[in-house]
Amino acid sequence: MPWELPSSPESKIYLELLDDIAHETDATAQVEKFRAIAEADFYFFVKYAATFGKYKIDDKGHRNYGVGYWIDEPYCFDICRKVQTDIDERVKTPTYFYPRGHFKTELINKLPTIWLTLRDPWMTTCILTYKVDQMGEMMFRGLLEELERNQIFMRHWPDRLTPEKKDYPLWTNSAATIKRPPGPKEPSFSIHSLDKQPTSGHYRRIVFDDTTIKQTVESRVAIKETVEAIRMAEALTSGDTLCPHLGTIWDAEDTNMILAKENYFSRWEPQGCYDKAGTPILLSKERLAEMERKMGPYVASCQLHLAPIAKGQQNFDQGWIEYYTKPPKEERSGKVVHIFCDFTLGIGEDFGAFSVIGLGVDRHRYHLDLVRERIRQMEQFDKLFSLVARWNPQCVWLEDKSLYQLLQAEQARRSFRFRLGVVPDVSRQRPKEARIQELQASFARHEHVFPKDGFGRGSQSDGRDTMVQFFEDEYRFWSPLRRSVLNDDMLDAMAWVDQPEMRLTYPQNLPEQMAVKDLLNLWVSEKMTAKRSPNVSHSWMVD
């Protein structure tokens with residue numbers, strides 16, 4: 001039927017169509033109308049015919065938790081439209097690389113496969129995945145169960161489907177053929193391991209779903225073999241076979257990244273879990289944060305943000321740095337501030353380092369202040385108390401539990417109290433090099449922002465701005481090899497912000513007047529702190 005697809009899931013056209021179907025007095029005509037619309041509009045098919053359309057939002061942090069349906073989210077609508085457009089326009093090798101947990105298999109593999117087969121009984125689809133016995137069987141089982149249990153499908157496509165498996169020409173755990181006139185020798189749909197592709201047959205559609213997983217990026221040999229296996233699938237195509245690829249990214253040098261560099265795909269547009277404005281594309285920030293904690297920074301950079309860094313990357317890249325132009329004091333407004341401490345026990349090779357980081361609404365880390373001094377412990381305490389007076393942090397984080405008691409005693413002596421925290425044991429037991437290496441993921445995503453004009457001062461023994469010290473002495477030359485730089489104290493202090501066990505929370509969007517109030521409260525707090533803490537020297541600070 002001629003059909004101009006509605007531009008939004010809220011389009012009144014859908015309500016008018018449903019109303020027209022509901023008021024149809026002839027039962028046969030009612031079925032035919034529904035079927036015609038569903039075959040013309042993939043989104044309508046998913047929402048009103050498929051089981052997925054009845055999935056309520058179960059993400060407790062989501063704005064529509066418990067009352068909305070996933071299919072009504074803009075992300076799902078856009079996926080449905082993109083899939084149908086690619087099919088209608090015969091795009092040969094489109095890619096759909098989206099984060100883990102964003103319904104890729106459901107909306108791009110399973111339901112389009114069913115939709116195309118119900119529209120055209122001669123459709124043949126070959127699904128290729130890494131290993132059928134590891135993930136493919138469950139994937140294929142979901143497809144079969146949708147066909148076996150969906151009563152809407154049975155009612156509206158009785159010429160294709162039947163409740164009795166014995167009525168089908170073929171129905172197994174890895175291949176199935178619906179009711180159809182004689183024709184193709186290939187099953188309606190089948191699933192195969194990438195390394196055990198069918199030896200004969202030419203399919204009208206080949207779906208590459210999760211052909212790249214953890215095991216395929218463990219060595220250069222495994223990556224090469226996977227690339228060759230994907231290329232071998234060309235033997236299974238006919239002249240107009242569609243070959244969509246879907247999955248996530250596992251490494252900066254994985255199979256799909258290599259193929260993308262060779263312009264193998266018709267389209268290459270990986271989409272991370274946040275858009276450019278820092279807004280989640282589907283899941284809530286709370287659920288994404290929990291997934292990040294479980295995955296760890298490196299895996300999350302691949303699986304959620306789709307912005308991997310190469311495992312062999314030795315150095316931080318200068319191009320990863322972002323800058324803000326306001327003075328740090330002004331940039332502090334609206335941020336959740338933490339101070340991360342790397343104390344030294346005395347004057348020696350190492351520096352005492354303090355990193356002041358504000359967590360922004362956009363989930364970026366704003367570096368507000370940075371101290372690196374080779375001074376005695378009591379002088380380090382003076383520096384810390386000055387930083388607290390200046391920045392009014394939510395928490396001051398310590399690496400050493402013994403320092404917690406010492407600082408509590410110092411707080412009592414100075415009549416100046418602030419919240420102290422000790423970093424989790426798991427993070428502390430992780431080697432320093434491993435902690436710093438985890439910073440690479442968020443730096444590579446351009447989520448660390450520094451003051452364009454620096455922090456405004458150096459240290460007692462080094463007149464260079466501490467930002468210059470950081471970039472020239474640590475950031476540019478650091479590598480996971482021990483002692484690759486003379487000192488890595490500033491990187492070590494910063495690294496706590498990205499340790500998954502820290503469970504740091506980012507602020508939500510606040511009205512502008514709240515940001516002004518926050519700045520005013522900070523100013524009052526500083527004045528009161530300075531008044532009651534005469535032992536704190538402010539001479540080193542630049543206002």
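For Lys131, a cut-off of 23 angstrom between C-alpha atoms picks up these lysines, skipping any fewer than 8 places away in its own chain: Lys104, Lys110, Lys196, Lys214, Lys224.
The radius of gyration of the Cα set in the stretch 85-292, together with its Dmax, comes out at 17.7, 53 angstrom. Pair-distance distribution of the stretch 336-483: all C-alpha pairs, bin width 5 Å, starting at 0; shares per bin in whole percent are 2, 8, 16, 22, 23, 18, 9, 2, 0.
Restricting attention to the stretch 36-141, which GluC sites (Glu not before Pro) occupy a DSSP loop and are surrounded by at most 16 other Cβ atoms within 10 Å?
Numbers: sites: Glu39, Glu89, Glu106, Glu137; in loops: Glu89.
Filter output for the stretch 36-141: Glu89.
Between Glu16 and Arg457, the simple spin-label model (points 7 angstrom out along Cα→Cβ) gives 6.8 nm.
Considering only Cα-Cα distances, which of the following residue pairs are longer than 24 Å: Lys294/Lys329; Lys276/Lys452; Lys12/Lys179? Please list the in-between numbers first.
Values: Lys294/Lys329 34 Å; Lys276/Lys452 21 Å; Lys12/Lys179 35 Å.
Exceeds cut-off: Lys294/Lys329; Lys12/Lys179.
For Arg464 and Arg417, the FRET efficiency from 1/(1 + (r/R0)^6), where r spans their Cβ atoms and R0 equals 35 Å, is about 0.55.
How large is the helix-only mean residue ellipticity at 222 nm for the chain, computed as the sum of -39500 (n - 2.57) over DSSP H runs with n ≥ 4, divided by its residue count, in deg cm²/dmol to the nearest 500? The helix contribution divided over the chain gives -10500 deg cm²/dmol.
Spacing of the modelled spin labels on Glu145 and Glu218, each 7 Å from Cα toward Cβ, amounts to 2.9 nm.
One decimal place: the segment Gln377-Asp133 gains 81.9 nm when fully extended, by the rule 0.36 nm per residue minus the C-alpha distance.
Give the relative contact order (percent, whole number) for the chain; include only Cα pairs under 8 Å separated by 6+ residues. Each step should come with its number before you reach the end.
On the way: 884 pairs, mean separation 70.1, N = 543.
Computed over the chain, the figure is 13 percent.
Would you mind estimating how fast the chain diffuses translationally, via Stokes-Einstein at 37 °C and 0.692 mPa s with the Kirkwood radius over Cα pairs, in µm²/s?
Values: Rh = 26.8 Å.
Roughly 122 µm²/s, to the nearest whole number.
Where a number appears in this text, it was derived from the coordinates with a stated rule and is not lab data. The shown structure was predicted, so the numbers you read here are calculated from the model rather than taken from an experiment. Glycine gets a Cβ as well: all are built from the backbone with ideal geometry, and neighbour counts include every protein chain shown.
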